[in-house]
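I have placed the structure first, in the form of structure tokens, so that the comments after it can refer back to it.
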Amino acid sequence: MTTGTITAAIRAEQTQRVGWRGWAALIVLMLPVLLVSVDNTVLSFALPAIALDLEPSSAQQLWIIDAYPLVLAGLLVTMGTLGDRFGRRRMLLIGATGFAAVSALAAFAPNAELLIAARALMGVFGAMLMPSTLSLLRSIFTDRDQRRIAIAVWASMFSAGAALGPIVGGILLEHFGWGSVFLMAVPVLVPLLVLAPILVPESRDPKPGRIDPVSIALSLLTMIPIVYAIKELAVHGFASTAGLWFVAGVVFGWLFVRRQLRAETPMLDMRLFRNPTFSGALLVNLLSVVGLVGFLFFVAQHLQLVVGLSPMNAGFALVPGLAAMIASGLIVVPIAKRNPPRVVVPVALAFSVLGYAVVPLATGPESLWLLIAAFVSLGIGIGAAETVSNELILASAPPSKAGAASAVSETAYELGAVLGTAVLGGILTSLYRANLVLPAGLPADAAAASRETLAGAVHASEQLGGEMGAALQDAAAHAFDAGVGTTALIGAGLVVLAAVIAATTLGRAARR
């Protein structure tokens, strides 16, 4: 057999289309994707009940929320690289087992300290789950057209999970205790543990590099301080230690990059970032998630505290946008096959810009349907853009580096989620406080609570009652909606920036 014949045979095998077994594996791999993305938003609904039961301090409440994403973001690159070396399916199964077990322990945590520790451990095992799912899709679906569909489903489930969090949280908390938001991991991950060994083939890098503890430590010392700095800046402003944490993260990041460039077999191949398609698609991912999570941050408060919906009904109001996000992620697949990504992604993101542009008009209690329409428009753009950009990330990286490429993509997702809440949420909080005009004669404790958050103002107005309470609620709603208008314009600007990056970096088409 000639060399050309062998090469042709290998190429044919590498692009073989999968049958029902591959699509069944896709369904199994969507279980952890949906769970981890739901977990990013569901806990905020359970925090009031946790505060009443465990009585954590204000600092402990922040750590209950923050421990998980901090550890998750810090370990994603490490776990993706370890999956390349030891087996991506193996990392997936270890992560699923640990995540389910620790979630069950968190559901029955007797105090805030143990709950924080459980959340941190969930971040460790969650970091094993997410890069494994995307990199396994790369090895299962070697045919480009089928892989586009598989990644469309993956991206839709990840984005949809963030919107499903409020719905799931509202339903669970209306019928069960706060521990139910953690226990839901068990019935979701048990089918994965049973079916993944049967349906999902193992894959790994055929020439893995050595384990580098120094690089692992540097990646942690890069991500954790940067994510923590963003959160500190949002909560405490420029007077906090956020600047020091951010500088520390940047310094360790520089040391990490320097070590990878000098290593013969680096933990993360920095040459991936020299590919403009890879880097551009990552930035599109990051900014799109900032836009999505930032939108969810203020729309959830508006629906509950201004419109007056219950948590469950507020969650259901997001369903049309959720459906639009999933549908657009699937519909864009044949479109992306025939048109260059530098055109498809900016056109898709134009819908998201339109959604943000509608938000300033959707103020007051009568704004429900206009706000739903805004989320539908936003969802159309985010769903399509995420599908195309994720496929380009995997297509532009070598198959042997699928785990590392997937981990970098996941890191962009997590940073986007943190930035969406911290930056857009922080801007909205500052604008709310600047615009708030309190009624004359308001008690000092009610005034202090009202200046802190919209929820504090609504709670104080309910305690006061009468004309004073109504006046306080109207003032708080007006201040919040005024801040939403400005924040929405900033969010629209970030999405426009993502569209510009896509138009200038994604090129005509990804190479086969």
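The values are calculated or read from the model by the stated rules, or taken from the named source; none is laboratory data. All of these numbers come straight from a predicted model, not from anything done at the bench. FYI the Cβ positions are ideal-geometry reconstructions off the backbone, even for glycines, and counts take in every protein chain you see. The accessibility values were calculated without ligands, DNA or RNA, using every heavy atom of the protein model including side chains. Shrake-Rupley method; radii C 1.70, N 1.55, O 1.52, S 1.80 Å.
Among the residues examined, Thr453 does not qualify as farther than 22 Å from Val307 by Cα, open to solvent by 50 Å² or more (accessible area, probe 1.4 Å) and not aliphatic (A, V, I, L, M). The condition of being open to solvent by less than 10 Å² (accessible area, probe 1.4 Å) and either in contact (Cβ under 8 Å) with a residue 24 or more places away in the chain or not in a helix (DSSP H, G or I) (or both) holds for only one of Ala482, Ala440, Ala460, Ala502, that being Ala502. From the list Ala120, Ala185, the lone residue that is within 30 Å of Val376 (Cα to Cα) and modelled with pLDDT of 85 or more is Ala185. State yes or no: is Arg259 at pLDDT 80 or above and either of a type in the set (Lys, Arg) or in contact with an Asp or Glu (Cβ under 7 Å, 6 or more places away or on another chain) (or both)? Yes, satisfied.
Can you find a residue that is among the aliphatic types (A, V, I, L, M) and over 30 Å from Ser430 (Cβ atoms) anywhere in region 299-311? No: region 299-311 contains no residue that is among the aliphatic types (A, V, I, L, M) and over 30 Å from Ser430 (Cβ atoms). Checked against (1) over 20 Å from Tyr413 (Cβ atoms); (2) open to solvent by less than 10 Å² (accessible area, probe 1.4 Å), Pro346 meets all criteria but (2). Of all residues assigned to region 322-329, at least one qualifies as being open to solvent by less than 50 Å² (accessible area, probe 1.4 Å) and closer than 22 Å to Thr505 by Cα.
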